[in-house]
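Working notes for the structure below.
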Amino acid sequence: MKKKIVSFLVSGRGSNFSVIAENIKQGYITADLGIVLSNNGKAQALEIAHSYGMDAFFVDPKNYTDRESHEKEMIRLLKSYSTDLVVAAGYMRILTPHFINSYKNRIINIHPALLPSFPGVHAQEQAFHYGVKITGCTAHFIDEGTDTGPIIMQSAVSVLTDDTPTSLAAKILKEEHRILPEAVKLFCDNKIIVEGRKVKII
Ligand code: GRF
C-alpha cells in the first residue's frame, strides 16, 4: 500500500503538529511528511518543521486580494507535494468552501472541546466559564461549518473545583496530543469511512 503524504496548516505553537511529525518519524504512523503552511510568519511551528527537515512556507494573507487567491496558493503548494491528508493543527483561519472541496474529507482538525459544544475560538475558556463538569477535545473532518464536520474521535476530561482556564487547557492539550495522532493513523491506514455525518472506523 502506498504511504500517504501528510501536510499541515498551522498558525502558532505547533505542539500538535510536532506530535504527529514525531509519530511519523518514529514509524507509529505509516505515512510520509509533506509540507507545513502557516498564515503567521512568526509561528514556532515553522521552526519545528525545519527541525524535521520539512519544507515550510509562510503564505502571508496580506499578499493576496482575497481569501480564495490566498488558498489557491496553499492548494498549489499542497498539491505540488502530492498531499493526501491535510492536518489543521492549530490553524486559526476559516477555510473557504473552495479549499474544503479540494480536500473533501481529507482535512482533519483538532478542536479543544467536546463538539458540538463550544465551537469557535477559546473553546477551553468557553467551557470553563459555562461551568461544565466535563469537557475535552475532538478530532474531526472539516466541513463548511465552524467546527461542524464529521467526528473521528473525542476524549473527555473532568473540570475540577481547583481548575483554572490554564490548567484546564493543559489537561485538554494532553488529550489532543493523544487522539490527533490516532485519528491521523486511522486515516493513513485506510481505516476510516465517512458516511454522511458518521465516521465508521473499520
Ligand atoms: C490547540 O489547542 C488546538 O486544539 C487548537 O489550537 C491549539 C493549537 O495548539 N485548534 P498547537 O499549535 O498545536 O500547540
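A single entry from VAL157, VAL199, VAL194 fulfils the requirement of being within 13 Å of the ligand (Cβ to nearest atom), of a type outside the set (Gly, Ala, Ser) and part of a strand (DSSP E or B): VAL157. The set of residues in the stretch 159-173 being within 25 Å of VAL199 (Cβ to Cβ) and over 15 Å from the mean Cα position of the chain (by Cα) consists of LYS171 alone. Is it fair to say PRO181 is under 30 Å from LYS2 (Cβ atoms) and buried (at least 18 other Cβ atoms within 10 Å of the Cβ)? Yes, satisfied. Of all residues in the stretch 180-191, those being outside any helix (DSSP H, G or I) and in contact (Cβ under 8 Å) with a residue 24 or more places away in the chain number 2. Residues in the stretch 136-147: is at least one within 11 Å of the ligand (Cβ to nearest atom), touching a residue at least 60 places away in the same chain (Cβ under 8 Å), of a type outside the set (Phe, Trp, Tyr) and open to solvent by less than 10 Å² (accessible area, probe 1.4 Å)? No, because not a single residue in the stretch 136-147 is within 11 Å of the ligand (Cβ to nearest atom), touching a residue at least 60 places away in the same chain (Cβ under 8 Å), of a type outside the set (Phe, Trp, Tyr) and open to solvent by less than 10 Å² (accessible area, probe 1.4 Å).
If you check ILE134, ILE110, which single one turns out to be in contact with a helix residue (DSSP H, G or I) (Cβ under 6 Å, 6 or more places away or on another chain), aliphatic (A, V, I, L, M) and at pLDDT 95 or above? Unique residue meeting the criteria: ILE110. Does at least one position in the stretch 167-179 carry a residue that is more than 14 Å from the ligand (Cβ to nearest atom), touching a residue at least 24 places away in the same chain (Cβ under 8 Å) and either closer than 28 Å to VAL132 by Cα or assigned by TED's automatic domain parsing to the domain that holds PRO97 (or both)? Within the stretch 167-179, not a single residue is more than 14 Å from the ligand (Cβ to nearest atom), touching a residue at least 24 places away in the same chain (Cβ under 8 Å) and either closer than 28 Å to VAL132 by Cα or assigned by TED's automatic domain parsing to the domain that holds PRO97 (or both). Cβ-Cβ distances below 8 Å connect the following pairs, each with a first residue in the stretch 49-76 that is more than 15 Å from ARG93 (Cα to Cα), a second residue that is in a helix (DSSP H, G or I) and open to solvent by 70 Å² or more (accessible area, probe 1.4 Å), and a separation of six or more residues or different chains: TYR52/LYS25; ALA56/HIS50.
Screening SER82 with (1) under 15 Å from the mean Cα position of the chain (by Cα); (2) on the phi > 0 side of the Ramachandran plot gives one miss only, at (1).
The values are calculated or read from the model by the stated rules, or taken from the named source; none is laboratory data. Computed from a predicted structure; not experimentally measured. Positions of Cβ are generated from backbone atoms using ideal geometry, with glycine treated the same way; all protein chains shown enter the neighbour counts. The area values use the complete protein model at the heavy-atom level, side chains included, leaving out ligands, DNA and RNA. Shrake-Rupley method; radii C 1.70, N 1.55, O 1.52, S 1.80 Å.
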